[in-house]
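Here the structure comes first, spelled out in structure tokens, and everything after it is commentary.
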Amino acid sequence: MIAIVKYNAGNITSVQNALERLGYSSIVTDNPKLIQQAEKVIFPGVGEASSAMQYLKEKGLDEVIKNLKQPVLGICLGQQLLCRFSEEGNTECLGIFDARVKKFEPKLKVPHMGWNTISALNSALFNGISTEENFYFVHSYYAEVSQETTAVCDYIVPFSASMQKDNFYATQFHPEKSSQAGEQLLLNFLKL
């Protein structure tokens, strides 16, 4: 069973549809027991960090997520919430990744929105994916590059396009909206 964490953040349907296209069924839930029992957990999100963290804490999901042992994939806001701290609402996050999430300085258009390449790919998530591929981004905040960074994107500054620590994987881009490269990445995650 694949559990998609339901919390105060959008974009869950497109993740579920992407999994269905790959032949996998999933459940969308905020039930701690179902999340703990899942073979894989996807932690997606489009939204605002402080209200999302507040919802996770109210449901006890902050502790549940931190203690998961199966592969977990954070997407977009999901990646940011796996970091230590976000400047968005001055939010203490889950602290899996020892990185801060910062707001882009508006030297270029913010949010960073659209297709971009990534480099320094260093994760099983990128098996069969080249640095020529483009991924779809939409975000105003970014995780700084850290020792857990497994891919880098350059927009205004270099930032973590992907991160990993132990069983926790994450992408700032949206694999569910990133065409064939995104589908390959999801498939790689599902086969971990």
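The values are calculated or read from the model by the stated rules, or taken from the named source; none is laboratory data. Since the model is a prediction, treat every value here as computed from it, not as a measurement. Because the Cβ atoms are built from the backbone with ideal geometry, glycine has one as well, and the counts that use them run over all protein chains shown. For the accessible areas, the whole protein counts, side chains as well, though only heavy atoms, and no ligand, DNA or RNA atoms are used. Shrake-Rupley method; radii C 1.70, N 1.55, O 1.52, S 1.80 Å.
So the values come out like this:
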{"read-out": "Number of positions in segment 1-36 that are out of contact with any helix residue (DSSP H, G or I) (no Cβ under 8 Å at 6 or more places or on another chain), over 24 Å from GLU48 (Cβ atoms) and among the aliphatic types (A, V, I, L, M)", "value": "1"}
{"read-out": "Single match in LYS33, LYS102 (criterion: basic (Lys, Arg), at pLDDT 95 or above and in a helix (DSSP H, G or I))", "value": "LYS33"}
{"read-out": "Residue within segment 120-137 that is charged (D, E, K, R) and either in contact with a strand residue (DSSP E or B) (Cβ under 8 Å, 6 or more places away or on another chain) or modelled with pLDDT of 95 or more (or both) present", "value": "yes"}
{"read-out": "Failed condition for LEU73, given (1) surrounded by fewer than 21 Cβ atoms within 10 Å (Cβ to Cβ); (2) part of a strand (DSSP E or B); (3) touching a helix residue (DSSP H, G or I) at 6+ places or on another chain (Cβ under 8 Å)", "value": "(1)"}
{"read-out": "Selection status of GLY45, over 16 Å from GLU183 (Cα atoms), out of contact with any Cys (no Cβ under 7 Å at 6 or more places or on another chain), open to solvent by less than 10 Å² (accessible area, probe 1.4 Å) and not hydrophobic (A, V, I, L, M, F, W, C)", "value": "no"}
{"read-out": "In segment 6-30, residue nearest to LEU185 (Cα to Cα) [restricted to those that are outside any helix (DSSP H, G or I) and of a type in the set (A, V, I, L, M)]", "value": "LEU22"}
{"read-out": "Number of positions in segment 124-143 that are within 17 Å of the chain's Cα centre (by Cα) and over 25 Å from GLU88 (Cβ atoms)", "value": "3"}
{"read-out": "Count of residues meeting criterion [assigned to a helix (DSSP H, G or I) and either open to solvent by less than 40 Å² (accessible area, probe 1.4 Å) or closer than 16 Å to ASN11 by Cβ (or both)] in segment 51-62", "value": "7"}
{"read-out": "Hits in segment 127-174 (condition: open to solvent by less than 10 Å² (accessible area, probe 1.4 Å), part of a loop (DSSP other than H, G, I, E, B) and not hydrophobic (A, V, I, L, M, F, W, C))", "value": "GLN172, HIS174"}
{"read-out": "Residue match in segment 99-113 (condition: touching a helix residue (DSSP H, G or I) at 6+ places or on another chain (Cβ under 7 Å), open to solvent by 10 Å² or more (accessible area, probe 1.4 Å) and closer than 27 Å to VAL152 by Cβ)", "value": "no"}
{"read-out": "Filter result for SER123 (open to solvent by less than 30 Å² (accessible area, probe 1.4 Å) and either farther than 24 Å from LEU68 by Cβ or of a type in the set (Gly, Ala, Ser) (or both))", "value": "yes"}
{"read-out": "Residue pairs meeting the criteria (Cβ under 7 Å; at least 6 apart or on separate chains; first over 13 Å from TYR169 (Cα atoms), in segment 57-74; second open to solvent by 30 Å² or more (accessible area, probe 1.4 Å) and not in a helix (DSSP H, G or I))", "value": "LYS59/ASP30; LEU61/ASP30"}
{"read-out": "Matching residues in segment 76-98 - criterion: being open to solvent by 70 Å² or more (accessible area, probe 1.4 Å) and on the phi > 0 side of the Ramachandran plot", "value": "ASN90"}
